[in-house]
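Worksheet: one structure, shown below.
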Amino acid sequence: MRRHSVFDRFALVAATATVAAHANVRAEGFRQKDVRFLMELFCNWIESFSRSEVVLIQNTQILRYLGELEREGFVRLIRSSKQPLYRLTRTGLIELISRAVNGGGRENPAQFFFLFYFIGSYRSKIFDLVKAEGRQFPYALELELEALMDCKTLLDREIKTAERKLRELDLRISDGQNAAQLTTESIAKKVPYEEIVKKWEKLYPYGLNSHKPLSELFSEISPDIANWELETGNIKRVENMWKPIRALHTRYLETLKQLKGSL
């Protein structure tokens, strides 16, 4: 499917809103504005902790999205008129659930918790919808759907992802602290700043080192900023960014494990 910026950002919301619109008016068919309203509602739930404005989805974006789903065989246009009506096919239902569960675009914990809520709350309803879209319900298809909507599996996977990210944060903090210690010791020994940068580059390469080596980056910025980065900026990032982020991420991981224990 060709991607549009709003659906890159809200791929999870678009998929779940379309499934929900189909569920709400299955026999009659759903309208573009049904999907739009549910997308805006779900965005409001996910972003309710922030003071951001209500996310507004354009009708033309919904039209393009549904048109692409139709071309792929995931949506069927059942009435073409001033207000077109749509129904998801069985393949479309499974495809959109798969996109919600397996797709990217989950940028923060709120998006995962929304997915966990959606799958956990509407699991049986989604099964009924899939069964209704065709006379036969093959066992292989049932197993596929069971796997997609297994809340324990969903949690296990998110826990593993969170644990991996925590290890990455620990490494970043450790590298930052070690680099700061190396700088302090090198300055005390009057090692030239250029040499310190080369040691950093070798021992503690930063995330974009393959795109632009640290020595090249430092050669492009003014000496006073480069010196500040070496002496102060690095350790400030550790203390004011990476450690607080780690604390938040640790709490998120603990919450995921508590959820798993409640299943």
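The values are calculated or read from the model by the stated rules, or taken from the named source; none is laboratory data. Because the structure is predicted, anything quoted here is derived from the model rather than measured. Note that each Cβ is placed from the backbone with ideal geometry, even for glycine, and that neighbours are counted across all protein chains shown.
Go through segment 7-65 and give me each residue that's modelled with pLDDT under 90, of a type in the set (S, T, N, Q) and either part of a helix (DSSP H, G or I) or not assigned by TED's automatic domain parsing to the domain that holds Ile94 (or both).
Asn24, Asn44, Asn59, Thr60, Gln61
For segment 203-218, check the following and say yes or no: at least one residue is polar (S, T, N, Q), closer than 23 Å to Leu166 by Cα and in contact (Cβ under 8 Å) with a residue 24 or more places away in the chain. Walk me through it before giving the result.
First pass over segment 203-218, keeping only residues polar (S, T, N, Q): 209-210, 215.
Next, only the ones that are closer than 23 Å to Leu166 by Cα stay: 209-210.
Right, trim to in contact (Cβ under 8 Å) with a residue 24 or more places away in the chain and you get none.
No.
Of a type in the set (Phe, Trp, Tyr), at pLDDT 80 or above and closer than 22 Å to Lys125 by Cα: does that describe Tyr86?
On the way: of a type in the set (Phe, Trp, Tyr): yes; at pLDDT 80 or above: yes; closer than 22 Å to Lys125 by Cα: yes.
Answer is yes for this residue.
Just to be sure I understand, how many residues within segment 70-101 are free of Cβ contacts under 8 Å to residues at least 12 places away in the same chain and within 27 Å of the chain's Cα centre (by Cα)? Walk me through how you get there before you give the answer.
So in segment 70-101, the residues free of Cβ contacts under 8 Å to residues at least 12 places away in the same chain come out as 71, 77, 80-82.
Add one more test, that the residue is within 27 Å of the chain's Cα centre (by Cα), and what stays is 71.
Within segment 70-101, residues that are free of Cβ contacts under 8 Å to residues at least 12 places away in the same chain and within 27 Å of the chain's Cα centre (by Cα) number 1.
From the list Ala226, Ala188, Ala179, pick out the single residue that is in the same structural domain as Ile245 (by TED's automatic domain parsing), touching a residue at least 40 places away in the same chain (Cβ under 8 Å) and among the small types (Gly, Ala, Ser).
Result of the check over Ala226, Ala188, Ala179: Ala179.
Provide a single number: the residues in segment 127-147 that are in contact (Cβ under 8 Å) with a residue 12 or more places away in the chain and either assigned by TED's automatic domain parsing to the domain that holds Tyr252 or small (Gly, Ala, Ser) (or both).
The total comes to 2.
Need the failing condition index for Phe118 against (1) closer than 30 Å to Ile97 by Cβ; (2) without any contact (Cβ under 8 Å) to a residue 40 or more places away in the chain, just the number.
(2)
If you scan segment 85-105, which residues turn out to be outside any loop (DSSP other than H, G, I, E, B) and more than 17 Å from Pro138 (Cβ to Cβ)? Show your work before the answer.
At the first step, the residues of segment 85-105 found to be outside any loop (DSSP other than H, G, I, E, B) are 85-88, 90-102.
Leu85, Tyr86, Arg87, Leu88, Leu96, Arg99, Ala100, Val101, Asn102, listed by residue number.
Name the residues in segment 139-176 that are more than 27 Å from Gln258 (Cβ to Cβ) and among the small types (Gly, Ala, Ser), would you?
Once the filter is applied, which keeps residues that are more than 27 Å from Gln258 (Cβ to Cβ) and among the small types (Gly, Ala, Ser), segment 139-176 yields Ala140, Ser174, Gly176.
Mind checking which pairs have a first residue in segment 20-37 that is within 17 Å of Glu70 (Cα to Cα) and a second that is of a type in the set (Ser, Thr, Tyr), Cβ under 6 Å, 6 or more apart or different chains?
So the pair list comes out as Gly29/Tyr86; Phe30/Tyr86; Val35/Thr18.
What helices (runs of 4 or more DSSP H), lying completely within segment 107-223, carry at least 2 residues that are more than 31 Å from the chain's Cα centre (by Cα) and surrounded by 13 or more Cβ atoms within 10 Å (Cβ to Cβ)? Step through it out loud before you land on a result.
Working: elements: 109-132, 139-148, 151-188, 193-203, 214-220.
Hits in segment 107-223: 151-188, 193-203, 214-220.
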